[in-house]
1. Step through the residues of the stretch 130-147 one at a time and calculate ³J(HN,Hα) from phi using the Karplus curve (6.51 cos²θ - 1.76 cosθ + 1.60, θ = phi - 60°), rounding each to whole Hz and writing x for Gly and Pro.
2. How would the stretch 43-107 be classified by its alpha-carbon gyration tensor: rounded, prolate or oblate, with rounded meaning a/c under 1.5 and the a/b versus b/c comparison settling the rest?
3. Whole Å is fine, so just give me how far the alpha carbon centre of the stretch 119-140 lies from that of the stretch 67-113.
4. For ILE124, what charge total do you get from the other residues with a beta carbon under 15 Å from its beta carbon, if Lys and Arg give +1 and Asp and Glu give -1?
5. Mind ranking 137-143, 184-190 by how tightly packed they are, going by the mean number of other C-beta atoms within 10 angstrom, highest first?
6. Under the rule of at least 5 residues apart or a separate chain, name every residue whose amide H is placed under 5 Å from the amide H of ARG37.
7. If we count every other residue with Cβ under 10 angstrom of ARG106's Cβ, Lys/Arg +1 and Asp/Glu -1, where does the sum land?
8. Distance in nm between label sites at ASN130 and ALA67, each 7 Å beyond Cα in the beta-carbon direction?
Amino acid sequence: MRAALAALALLGAVLPAAAQEPPAAAMTYSDTTPAYRFYPGDEIEISVFSAPELNRNVIVGPDGRVALPLIGAVRAADLTTEELHDALVSAYAAQLRAPELSVTPRTYGSRQVFVGGEVARPGIYEMPANMDAFQAVALAGGFLPSARRGDVLILSRASGQSNVTEIDLSPRAMRRGFPDAAPLQRYDVVYVPRSHISQVNLFMQQYVRDALPVQFSFYYDLRGERNN
């Protein structure tokens, strides 16, 4: 038994970190990838072809609206480019005859995601580029040994309404290239739950060991003799 443990320890020391933890899969996109939705801080160029004097570059305000001439404040947050286009055409229709316009994103505000649960450094992180949940966990220092990697939760509003999905980030899924992984959207929450074993250990620690008036431990050897 001791020889086996020594061999495992030696193997862990010899293998480089990259061999023990394969790199994350490259980000992939498809026609089913959700369309981008505007958020406060984004800059949008709005061009009204029939009335160029109404052209504006606007910033989505903290209330999620943009201020435009003739029609005032219009909600832009949580809308895709096409949805905002249709909303502006409808609003300008009361002021202009057959309004034609374009909506073009110019710059994007802060792109943050929240990573919590059983990771080394839970917190709020800026996305340096488009990334998936595994890459977000890596940004947060990686999984803790207590992480339940097969049941990671993603809380998102990418579809315009809040939804929760469960994805598999276990080593088995890693070998298959994380088939469930998708690009994160701004303000998504990546939550890594605690494993069942660690939940039992935490219960034992909080409600059994910590509740004892005297700290002690003992075990029984193979002959049934108690040792303190």
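Just so you know, all these numbers are worked out from the coordinates, no wet-lab data involved. These figures come from a predicted structure and were not determined experimentally. Please note: Cβ atoms are built from the backbone with ideal geometry, for glycine as well, and neighbour counts cover all protein chains shown.
1. Those phi angles translate into 4, 8, 9, 5, 5, 5, 5, 5, 4, 4, 8, x, x, 6, 7, x, 7, 6 Hz.
2. Working: a/c = 1.57, a/b = 1.47, b/c = 1.07.
Taking the square roots of the gyration eigenvalues as a ≥ b ≥ c, the stretch 43-107 is prolate.
3. Answer, in whole Å: 31.
4. On the way: positive: ARG111, ARG121, ARG186; negative: GLU126, ASP188.
Here the count lands on +1.
5. Averaged packing, sorted descending, gives the order 184-190, 137-143.
6. none
7. Around ARG106, the surrounding residues sum to -3.
8. 3.4 nm
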